Amino acid sequence: MLRLEKLPDSRDQLIQGTLYASLIKWGAVQPQATFLVEAETGRTLSYAQTQAAVNRMRQFLGDTPHHIVLALPGGIINAVLWLSALSGGHHLIPVSPQATDSEKAAIASRHCPDVLCVELQQDAAAFDSPHTQVLTRAACEALLAEPVSQTLLDPIEGYVYLGTSGTTGEPKSVMLSERQIAWTADSVRSSHELSPQDRGLTVLPFFHVNAPVVSLCASLLAGSAVVIARRFSRQHFWEWVERYQVTWASIVPAIVAILLETPRPAFLPGSLRYVRTGSAPLPPADLYAFEARFGIPVIETYGLSEAASQIVANPVPPGVHKPGSAGLPVGVALRICSPRDGDERELHDVLQGETGEICVAGPSLIQSYQYDRGKESFQDGWFRTGDLGYLDEDGYLFIKGRLREVINRGGENIAPREVEEVLQSYPAVREAAVVGRPDPIYGEQVVAYLTVRENWREQSLPQLRDHLRRHLSPQKVPVDFIVLDELPKNATGKIERRLLRAREQAHYGQR
């Protein structure tokens, strides 16, 4: 049975230059209204000042398309560079400042940058591009302080190049256009009901898709403000929410878990309407605990780099947000299909309530990866996400895991998330990741990697096994539990299960 989110026939977001047009619009309507705030310093830029900064950066870069590597920690400069590249016809390549020297050199070799944006001059050496123009943070600040002509510039569509998380296979490169980013940003604005009265907070990096699209561009389209932190701080998070009168915050499940270990601030709920999570599934136990402790709704979402971030979102209050669900499709068509089987090329829809592969289509979706990798993910105009899930009777999406993460024990497929949710409902477990261990009899056995809370005791493990046996069938109960200080994660908070699977393969694959 086909389940589709009906797409609008047309939207302004399909018009080139939407982001720049919005900057001009709000610069005229509310020139002195705050748009950008730097969390650590308190520095602000109004809409008029941001418009001037983007114009100055665009004039500096010129009309000839440049490949710009952006390797700065979060902050106002990142926001200006994203908007300048997307409206000025340039090709932006965001990079983690913590990337290794070999990773930076490989990126420079692949993209041949014309401009390197780095914190300090010496940071450019790792890119091994001696003839590339280097812009340090100080140089960018000085550039934006120069006077600029008030003449409006013509928008020229720019592009952003992002690497996928690589948690399920070989990393691939995604190229997104300004129009695709604007489409998704407007879907976020609509689903999160943002307005000029809102003030968002993002503590996520600008070298991934979430912060620049969900927080920066959605706020721009709404005419609201966004507070940008260079990095997440457990010590300062609630202080920023109070100081800047934040009305919504964009975080990830790992941050939810960390905040659960902080005391409830007396000012809550204050102006904070909700927090939204993305980048990884949120355990329902953590959602319940967060809402109970802080009195703030948690809005779970689901997104893809291949779709410029958000594609599914729970409604904000007073709408119904369902714990454990990623929500309803927004701005895309969505269907649940039979998982990929051999060389089968025809998509078959499963019945409502049955688990299958999540497939999506829409204006924000890329049509291919760079260098034509991953061709099997694109079929009949649909993108096969590799994620498993089902739709309930109300059309809410529940994600159950990934195809490559599914554990095949004696011919029975076990979705890791089902086991992880039960693990994380046990009070002494902080985080959990479940992977398959090679087994000569069953093919794979279930193994759990854990981080634990302070109340973990010697007797906790037998009690945890009893807890699991009460909630899971015997074959789903892990045969082993490995407690780590930290689970491996990428920069957006996703657990790197591939590293845990590699560890299991190394220890047990040849036995």
_Candidates Leu45, Leu81, Leu61 - the one that is crowded, with 24+ Cβ neighbours inside 10 Å and either under 24 Å from the mean Cα position of the chain (by Cα) or in the same structural domain as Leu152 (by TED's automatic domain parsing) (or both)_ = Leu81
_Kindly evaluate Gly381 against the criterion of being in the same structural domain as Tyr302 (by TED's automatic domain parsing) and either at pLDDT below 85 or over 24 Å from Gly278 (Cβ atoms) (or both)._
yes
*Which of (1) farther than 20 Å from Lys494 by Cα; (2) modelled with pLDDT of 95 or more does Phe290 not meet, given it meets every other one?*
(1)
*Is one or more of the residues making up the range 324-342 of a type outside the set (A, V, I, L, M, F, W, C), within 23 Å of Ile495 (Cβ to Cβ) and part of a strand (DSSP E or B)?*
yes
*For the range 130-165, what are the residues that are touching a strand residue (DSSP E or B) at 6+ places or on another chain (Cβ under 8 Å) and of a type in the set (S, T, N, Q)?*
Thr132, Gln133, Thr136, Thr164
_Looking at (1) at pLDDT 95 or above; (2) among the aliphatic types (A, V, I, L, M); (3) under 24 Å from Val320 (Cβ atoms), which one does Val241 not meet, given that it meets all the others?_
(3)
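Among the residues of the range 347-384 satisfying the criterion of being of a type in the set (S, T, N, Q) and in contact with a Phe, Trp or Tyr (Cβ under 9 Å, 6 or more places away or on another chain), which is farthest from Gln310 (Cα to Cα)?
For the range 347-384, the residue satisfying everything is Gln352.
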_Every residue from the range 466-511 that is of a type in the set (A, V, I, L, M, F, W, C), over 20 Å from Gln424 (Cα atoms) and either exposed (fewer than 13 other Cβ atoms within 10 Å of the Cβ) or without any contact (Cβ under 8 Å) to a residue 40 or more places away in the chain (or both)_ = Leu499, Ala502, Ala506
*Does Thr34 count as surrounded by fewer than 21 Cβ atoms within 10 Å (Cβ to Cβ), closer than 27 Å to Asp198 by Cα and at pLDDT 95 or above?*
yes
*asked:* Looking at Arg384 and the list (1) in contact with a helix residue (DSSP H, G or I) (Cβ under 7 Å, 6 or more places away or on another chain); (2) farther than 26 Å from Ala182 by Cβ; (3) among the charged types (D, E, K, R), which single condition is not satisfied?
replied: (2)
*Among (1) in contact with a Leu (Cβ under 8 Å, 6 or more places away or on another chain); (2) more than 23 Å from Thr492 (Cα to Cα); (3) not hydroxyl-bearing (Ser, Thr, Tyr), which single condition is Glu119 missing?*
(2)
*Given (1) at pLDDT below 95; (2) within 20 Å of Ala138 (Cβ to Cβ); (3) of a type in the set (Ser, Thr, Tyr), where does Thr18 come up short, assuming only one miss?*
(2)
*So Glu444, is it buried (at least 18 other Cβ atoms within 10 Å of the Cβ), of a type outside the set (Phe, Trp, Tyr) and out of contact with any Asp or Glu (no Cβ under 7 Å at 6 or more places or on another chain)*: yes
*If you go through the range 351-409 one residue at a time, how many are free of Cβ contacts under 8 Å to residues at least 60 places away in the same chain, assigned to a strand (DSSP E or B) and either surrounded by fewer than 15 Cβ atoms within 10 Å (Cβ to Cβ) or small (Gly, Ala, Ser) (or both)?*
4
*Evaluate the following for Val312: is it among the β-branched types (Val, Ile, Thr), buried (at least 24 other Cβ atoms within 10 Å of the Cβ) and in the same structural domain as Ser187 (by TED's automatic domain parsing)?*
yes
*Looking only at residues in the range 54-71 that are of a type outside the set (Ser, Thr, Tyr) and assigned to a loop (DSSP other than H, G, I, E, B), which one is modelled with the lowest pLDDT?*
Asp63
*Can you confirm whether the range 417-438 contains a residue that is surrounded by 13 or more Cβ atoms within 10 Å (Cβ to Cβ), free of Cβ contacts under 8 Å to residues at least 40 places away in the same chain and over 19 Å from Ala257 (Cβ atoms)?*
no
*If a residue has to be over 13 Å from Phe232 (Cβ atoms) and at pLDDT 95 or above to count, how many in the range 197-213 make the cut?*
6
_Yes/no for Thr202 being closer than 19 Å to Val320 by Cα, within 18 Å of the chain's Cα centre (by Cα) and not basic (Lys, Arg)_ = no
_Criterion: within 23 Å of Gly42 (Cα to Cα), not charged (D, E, K, R) and not in a loop (DSSP other than H, G, I, E, B) - qualifying residue of Leu143, Leu92_ = Leu143
_Tell me yes or no: at least one residue of the range 145-162 is of a type in the set (Gly, Ala, Ser), at pLDDT 95 or above and in the same structural domain as Trp238 (by TED's automatic domain parsing)._
yes
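This table checks each residue for (1) more than 27 Å from Asp63 (Cα to Cα); (2) at pLDDT below 90; (3) acidic (Asp, Glu); (4) not assigned by TED's automatic domain parsing to the domain that holds Leu61.
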residue: His90; (1), (2), (3), (4): no, no, no, no
residue: Ala99; (1), (2), (3), (4): yes, yes, no, no
residue: Ala124; (1), (2), (3), (4): no, no, no, no
residue: Pro130; (1), (2), (3), (4): no, yes, no, no
_Quick test for you: out of Arg402, Arg373, pick the one residue that is in contact with a strand residue (DSSP E or B) (Cβ under 6 Å, 6 or more places away or on another chain) and modelled with pLDDT under 90._
Arg402
*Which of the residues belonging to the range 35-53 are assigned to a helix (DSSP H, G or I) and aliphatic (A, V, I, L, M)?*
Ala48, Ala52, Ala53
*Only one of these is at pLDDT 95 or above, among the β-branched types (Val, Ile, Thr) and farther than 15 Å from Leu36 by Cβ: Val275, Val246. Name it.*
Val275
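The values are calculated or read from the model by the stated rules, or taken from the named source; none is laboratory data. All values derive from a computational prediction rather than experimental measurement. All Cβ positions, even for glycine, are placed from backbone atoms using ideal geometry, and neighbour counts span all protein chains on display.
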